[in-house]
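Structure, as structure tokens:
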Amino acid sequence: MILSYEKEFSKNASSYNEYNIIQKEVARNVVSLVENAPKRILDLGCGSGEIYKLINWNIEEFTAVDISYEMCKLHPKNPNISVINENYEDDNLFERLKQENFDIVLSSSSLQWCSNLDKMAKKISKLSNNCVLSLFCDGTFKTIYQTSKLKSFLPNYKEVIKIFEKYFEMECDIRRYKLYFEDNISKFRYIKKSGVSGGKRRLNYKETKELIKSYPLDYLEFEVLLLRAKSLEPRA
Ligand SMILES: C[S@@+](CC[C@H](N)C(=O)[O-])C[C@H]1O[C@@H](n2cnc3c(N)ncnc32)[C@H](O)[C@@H]1O
């Protein structure tokens, strides 16, 4: 069953410098789906530690992976946290992580950029019997893509579900968010700074200016797929 849910936010002056309102909400959703207080956790694409900061039960080990050195530097540190500054798609890293015994794999707002999502889904199913994941999907910035006639580089949620169904039994939930702004310039600043666009700049200055003028909505759209899944071939 796929649940669908909508929520609206307003980007007011007090949160003006906060460019990850939606990612924070999504990370809260991921952690809220975790059951049975797992003790050994792997977080793929940990960023500055949003997931770790939300964990309010006792854990034994938290392994956090991020390709960005800057993000790894920002992640909380303590003796039961290992921060690994590597690409989670790397096969050697996978072989090392497979030696560990994770109770759960978590990943929030990151896997949408995988170069090979099928291969990554299969790897995740071998790293733990349980996972909770969130991925931004191509309904994100939908009207921008329609207005500019560009194709989204984000995956379609139905395709993502099809991939994960090969390796997992799962519950899926589509979350759609609207983030309201007072003007168009702030919307585009948010897109640039939030990192959701993956840093891919596809429009030149003139095109961006035109798009800012013609963008018809007073909000930005976000679409996130949440998956709570159990591996079809559990590890012993
Ligand atoms: C939008 S941030 C989300 C961070 C955090 N999970 C959160 O919920 O706030 C996505 C993170 O994924 C990391 N990332 C993207 N591709 C990666 C890869 N192939 N291997 C490791 N980290 C990756 C980025 O460096 C970034 O820190």
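The values are calculated or read from the model by the stated rules, or taken from the named source; none is laboratory data. All values reported here derive from a predicted model rather than from experimental measurement. For neighbour counting, all protein chains shown are included, and Cβ atoms are generated from backbone atoms with ideal geometry for every residue, glycine included.
Here is a yes/no grid of residues against (1) modelled with pLDDT under 95; (2) within 17 Å of SER108 (Cα to Cα):
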| residue | (1), (2) |
| --- | --- |
| ALA13 | yes, no |
| ILE55 | no, yes |
| LYS77 | no, no |
| GLU86 | no, yes |
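For segment 103-117, what are the residues that are within 16 Å of the ligand (Cβ to nearest atom) and surrounded by 13 or more Cβ atoms within 10 Å (Cβ to Cβ)? Hits for segment 103-117 are ILE104, VAL105, LEU106, SER107, SER108, SER109, SER110, LEU111, GLN112, TRP113, CYS114, LEU117.
Every condition in (1) near the ligand (Cβ under 9 Å from one of its atoms); (2) within 13 Å of the chain's Cα centre (by Cα); (3) not polar (S, T, N, Q) holds for CYS72 except the one numbered (2). Residues in segment 34-67 that are among the acidic types (Asp, Glu), closer than 15 Å to VAL132 by Cβ and within 9 Å of the ligand (Cβ to nearest atom): ASP43, GLU50. Summed over segment 118-164, the residues that are part of a loop (DSSP other than H, G, I, E, B), more than 17 Å from the chain's Cα centre (by Cα) and under 30 Å from ALA37 (Cβ atoms) give a count of 2. Within segment 118-132, restricting attention to residues that are away from the ligand (no atom under 13 Å from the Cβ) and hydrophobic (A, V, I, L, M, F, W, C), which residue is farthest from MET170 (Cα to Cα)? Checked segment 118-132; the qualifying residue farthest from MET170 (Cα to Cα) is LEU127.
Is there a residue being away from the ligand (no atom under 16 Å from the Cβ), polar (S, T, N, Q) and at pLDDT 95 or above anywhere in segment 137-150? No, every residue in segment 137-150 fails to be away from the ligand (no atom under 16 Å from the Cβ), polar (S, T, N, Q) and at pLDDT 95 or above. Evaluating GLU100 against the criteria (1) under 18 Å from the mean Cα position of the chain (by Cα); (2) surrounded by fewer than 14 Cβ atoms within 10 Å (Cβ to Cβ) leaves one unmet condition, (1).
Within segment 24-51, residues that are more than 26 Å from GLU70 (Cβ to Cβ) reach partners that are among the hydroxyl-bearing types (Ser, Thr, Tyr) and more than 7 Å from the ligand (Cβ to nearest atom) with beta carbons closer than 9 Å, at six or more positions or on different chains, in the pairs PRO38/SER128; ARG40/THR63; ARG40/SER128. The number of residues in segment 69-89 being among the aromatic types (Phe, Trp, Tyr) and surrounded by 13 or more Cβ atoms within 10 Å (Cβ to Cβ) comes to 1.
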